[in-house]
Number of protein chains: 2
Amino acid sequence: MVVFEIIVLGANGGPSEYGTQSFILRPVRAESPALIAVDGGAGMHQLREMLAQKWNDNEDYDELVPSFYEHDREPIEFFVNSKLSIQRGLSRSLLQSLKRHGEHFEDANTTNKAYKLFQGITDYYITHPHFDHISGMVINSPSIYEQENTKKKTIWGLPHTVDALQRHVFNDLMWPDLTAERSEKLKLSYLNSKEVHKCTIFPWDVVPFKVHHGIGVKTGAPVYSTFYIFRDRETKDCLVVCGDVEQDHAGLEESLLEDFWSYVAENIPLLHLKGILVECSCPLSFKPEQLYGHLSPTCLINELSNLNTLYNSSKGLSGLNVIVTHVKTAPAKRDPRLTILEELRFLAQERNLGDLRISIALEGHTLFL
Amino acid sequence: MVVFEIIVLGANGGPSEYGTQSFILRPVRAESPALIAVDGGAGMHQLREMLAQKWNDNEDYDELVPSFYEHDREPIEFFVNSKLSIQRGLSRSLLQSLKRHGEHFEDANTTNKAYKLFQGITDYYITHPHFDHISGMVINSPSIYEQENTKKKTIWGLPHTVDALQRHVFNDLMWPDLTAERSEKLKLSYLNSKEVHKCTIFPWDVVPFKVHHGIGVKTGAPVYSTFYIFRDRETKDCLVVCGDVEQDHAGLEESLLEDFWSYVAENIPLLHLKGILVECSCPLSFKPEQLYGHLSPTCLINELSNLNTLYNSSKGLSGLNVIVTHVKTAPAKRDPRLTILEELRFLAQERNLGDLRISIALEGHTLFL
């Protein structure tokens, strides 16, 4: 059964500035147009672009997606597993819920529609405060003061994220401190690692996990990021959405990734694990010292092998959707997303992980898991 | 004589996150592919988009530009003065200089071309550290470590900008402190208000001026921004590029804008003032208390009237190109850029400013002034 609807606003890992990591989640076929965001590299603009597309584009089997390597556009089937349920643009169900809840929605122009749609986002779950995960959210934030918009927005994160956003973003220097407005329309709120948080708008539990993401260039101090588990309390189905991450290694004080996979295997039956959205920033050709707190295909397959061992299923991880995000743009002959996808598929087979469904997250598309 | 080539990477003033303020400058018909940037709301992605366009698109008289209000696309002539020299995409001269200076440039794919082009940017002049003026620059910054790329980049700004970028951006929390790398490929450098700085790659003087840009929400402390004058030392022609700004008013300690226009009128003969790129964020319908450190059409026309009075020319400001940037996206029936343009033209006529050439800055286009 399909449970999660995921709108990919951005899945780029830089250094190109457009459409960096940002996902919108809602229960599939929900009545309401309520939305939550995981990371905020992109936002209102991308929603407007998606609204401007014809909404039955999912019937277009010859779809081409932007690539800018061998060709400027490549067929969508190069990027996604054939069993992945995906469509270009927004789902019919989301558009219908907007029509039901917004007067004259259908007659509005694309910008006004985008504002209505964007108002639905009441909660952001941020993985870490790097620019490519927050810039859209920050630049979009003054829209909360549009008269028509009465909804408040809350930015959730582990302390390393919330403290950085307060001190270095909403500080009246880098950006107006909108959290200090008397209207309290924008709020920063702490989560705690491994503690279950009840999502305020969906019948979902949200469990954040602190993970490692390299060290500071000057400070040498560890940099942290977050993995989120979203669990539908009714169906018990779960979705994992990961921020940038490095593998556990000897130099680290804690084995945070090992802890995470143990939690997953102990708490989520494999059949209820609907998908993992996870970064794989760099292809195999990158040496470990060039990863700077990210995963290569070898690292990611090692992690999935660890999970496979923990589940110890006769079919491996067959049927599990792994959606790869945050691939870095680089000068190359071939689209690094296609290189990484091929490498991951090869390594997954080599490691006998079963019929894993590996796909690339494509901006401007909706996934159903 | 045309002196300045201006590539508009972004001219949006938020809260939409795409293509926020960023201009690339070079001497028109320069031999070299060297470039400087003023602000960095957009960057490598937008250059890649521009490279992917056919480069003789300027012969397309029926060009439509993205609007997303009355229609998703509107004719370009709605936005620009008929005497403005403008083309979609990059100039033939810039593309030819890349071919001359880059081996196999023509055979490269669009991403590799974009990297080559982006390498040409050696200097950023930042007006202020708000996210919509720096996010592209920050996210693009790790590209300096691409092996092929040997050029260093310097980020210039007044102390309020440089200090904020060091403390709140390149601090190993919000972003890796790339300024601390031993390779010294990324450098932050101070400018001083009203002091002439010699541009390192062009025969240009750069003069920064501190201006006011509202106050902090929580702190109430003044927020500053920068206007830049670029002066070709040979022809004495000048271009003014403005950051976000508010009008001088009673509550401010210094009349920074008054000082600026006096400098302009005293140091730049009107015929040598090739253009002013200036913000006009909000339409006339906004009340003064809704401007938050920005200009409305009334404010901007007041400023231009002050300049007109100082020049005291019989023809007013006839022939002067005013390029309006940073218009805010808002829920409205009509594109706020078109509303603001109409209001500015009406007020300019009412105030007898002469044959001012007012246009909207359009992302993805090159201007010749």
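Laid out as a table, the results:
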read-out	value
Within segment B:279-309, considering residues that are among the charged types (D, E, K, R) and outside any loop (DSSP other than H, G, I, E, B), the one farthest from the other protein chains (Cβ to nearest Cβ)	B:Glu303
Leading residue by the ranking (surrounded by the fewest Cβ atoms within 10 Å (Cβ to Cβ)) among those in segment B:129-158 that are more than 9 Å from chain A (Cβ to nearest Cβ) and modelled with pLDDT of 95 or more	B:Thr154
Any chance A:Ser318 is out of contact with any Lys or Arg (no Cβ under 7 Å at 6 or more places or on another chain), away from every other protein chain (no Cβ under 14 Å) and farther than 30 Å from A:His45 by Cβ	yes
Complete set of residues in segment B:1-43 that are among the aromatic types (Phe, Trp, Tyr) and facing chain A (nearest Cβ under 9 Å)	B:Tyr18
Candidate set from segment B:185-244 (those that are touching a strand residue (DSSP E or B) at 6+ places or on another chain (Cβ under 8 Å) and of a type in the set (Ser, Thr, Tyr)); member that is nearest to B:Arg29 (Cα to Cα)	B:Thr200
Scan of segment A:159-178 for residues that are within 11 Å of chain B (Cβ to nearest Cβ) and either part of a helix (DSSP H, G or I) or exposed (fewer than 15 other Cβ atoms within 10 Å of the Cβ) (or both), ordered by number	A:His160, A:Thr161, A:Asp163, A:Ala164, A:Leu165, A:Gln166, A:Arg167, A:His168, A:Leu178
Residues of segment A:286-318 that turn out to be within 14 Å of A:Leu341 (Cα to Cα) and free of Cβ contacts under 8 Å to residues at least 40 places away in the same chain, as a count	1
B:Gln46 being modelled with pLDDT of 95 or more, within 17 Å of the chain's Cα centre (by Cα) and at the interface with chain A (Cβ under 9 Å from one of its Cβ atoms)	yes
Options A:Gly220, A:Gly275; residue that is farther than 26 Å from A:Arg345 by Cβ and either of a type in the set (Lys, Arg) or out of contact with any Pro (no Cβ under 6 Å at 6 or more places or on another chain) (or both)	A:Gly220
Extreme residue, farthest from B:Ser225 (Cα to Cα), among residues of segment B:314-356 that are polar (S, T, N, Q) and assigned to a strand (DSSP E or B)	B:Asn321
Qualifying residue in segment A:245-255 (condition: surrounded by 16 or more Cβ atoms within 10 Å (Cβ to Cβ), aliphatic (A, V, I, L, M), touching a Leu at 6+ places or on another chain (Cβ under 7 Å) and within 24 Å of A:Gly41 (Cα to Cα))	yes
Hits in segment B:181-215 (condition: more than 19 Å from B:Leu35 (Cα to Cα), small (Gly, Ala, Ser) and modelled with pLDDT of 95 or more)	B:Ser193, B:Gly214
Boolean, A:Lys287 is modelled with pLDDT under 95, surrounded by fewer than 22 Cβ atoms within 10 Å (Cβ to Cβ) and among the basic types (Lys, Arg)	yes
Looking only at segment B:332-359, and only at residues there that are within 14 Å of chain A (Cβ to nearest Cβ) and surrounded by 20 or more Cβ atoms within 10 Å (Cβ to Cβ), the one that is nearest to B:Arg73 (Cα to Cα)	B:Asp335
Filtered residues of segment A:59-115 (kept if among the hydrophobic types (A, V, I, L, M, F, W, C), more than 14 Å from chain B (Cβ to nearest Cβ) and over 23 Å from B:Thr329 (Cβ atoms))	A:Ile76, A:Phe78, A:Phe79, A:Val80, A:Leu84, A:Ile86
Residue ranges of strands (runs of 3 or more DSSP E) in segment B:179-268 with at least 2 members in contact (Cβ under 8 Å) with a residue 60 or more places away in the chain, more than 14 Å from chain A (Cβ to nearest Cβ) and closer than 16 Å to B:Leu158 by Cβ	B:204-215, B:222-232, B:238-242
Subset of segment A:271-284 (residues that are closer than 25 Å to A:Ser85 by Cα and surrounded by fewer than 19 Cβ atoms within 10 Å (Cβ to Cβ))	A:Leu271, A:His272
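Conditions (1) of a type in the set (Asp, Glu); (2) under 18 Å from A:Asn306 (Cα atoms), marked per residue:
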| site | (1), (2) |
| --- | --- |
| A:Phe230 | no, no |
| A:Val241 | no, yes |
| A:Asp244 | yes, no |
| A:Phe260 | no, yes |
| A:Tyr263 | no, yes |
| A:Phe286 | no, no |
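The values are calculated or read from the model by the stated rules, or taken from the named source; none is laboratory data. Remember, it's a predicted structure, so these values are computed and weren't measured experimentally. Note that each Cβ is placed from the backbone with ideal geometry, even for glycine, and that neighbours are counted across all protein chains shown.
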